Amino acid sequence: MGVRNYRDEGLLPLKNLPASLILTDPGLAKTASNERVALNQIARILKVPSSGARRISTPDGVDDVFITKESLRHFIEQGGNRARFVKYIEPTLENPLEVWLAVEKIGRKKILRRRFISVFDGDKKTRTLVVTQENDDGSLFWTFVPNTKEKNYMDNKREGVLLYKIEEGQ
């Protein structure tokens, strides 16, 4: 028996979701002028205190997520525009379409990670697909993909043990 995926669970491909399961697009954050400003902007948008952690409530049956300011630093160090998508994180964690427990291979190690998956509105070509994933050090990693990128890229992230799925009408 192999790894289970969305098809095994009887779920639709993300591109075919009904409108009732799609979240409202929160828009992009402003481009920051430097790394310090970017880190402060991410922490402010996610309401993460300077010291300590912020607890984000997830759906019933899924452990809450704790975020520290230090755990956000790797987004700034990676460069690119990932920080501009920070407004998608909270709704993805609080109201995910699905949460999967997935095995990832990092070097020779296999690590279990939770993947929170959401879809944000737009037409079928402009919808944004989001995966927010917990790293083994407690930090978050997020991926944003326009629906048009690779046909099955995001559906391929829907594998492992399905911990949660939203029911239509919730």
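Quick notes
- Helix 35-45 axis versus longest C-alpha principal axis of the chain: approximately 60°, rounded to the nearest ten.
- Label zone at Glu167, where the point sits 7 Å out along the Cα-to-Cβ direction: region 84-98 residues whose backbone N lies under 19 Å: 95-98
- Cross-link pairs Lys69/Lys109; Lys69/Lys157; Lys105/Lys157; Lys30/Lys87 - those with Cα-Cα distance over 18 Å: Lys69/Lys109; Lys69/Lys157
- Seen from Leu46, the other residues with C-beta closer than 12 Å to its C-beta sum to a net charge of +4, counting Lys and Arg as +1 and Asp and Glu as -1.
- Of Pro96, Asn135, Ile166, farthest towards positive along the dipole that unit charges on Lys, Arg, Asp, Glu beta carbons give the chain: Asn135
- Prolate/oblate/rounded call for the chain, Cα gyration tensor, a/c under 1.5 rounded: prolate
- Helix-only mean residue ellipticity at 222 nm for the chain, each DSSP H run of n ≥ 4 adding -39500 (n - 2.57), per residue, nearest 500: -3500 deg cm²/dmol
Each value in this text was obtained by applying a stated rule to the coordinates, not by laboratory testing. Keep in mind that what you see is a predicted model, and the values were worked out from it rather than measured. Note that we place each Cβ from the backbone using ideal geometry, even for glycine, and neighbour counts take in every protein chain shown.
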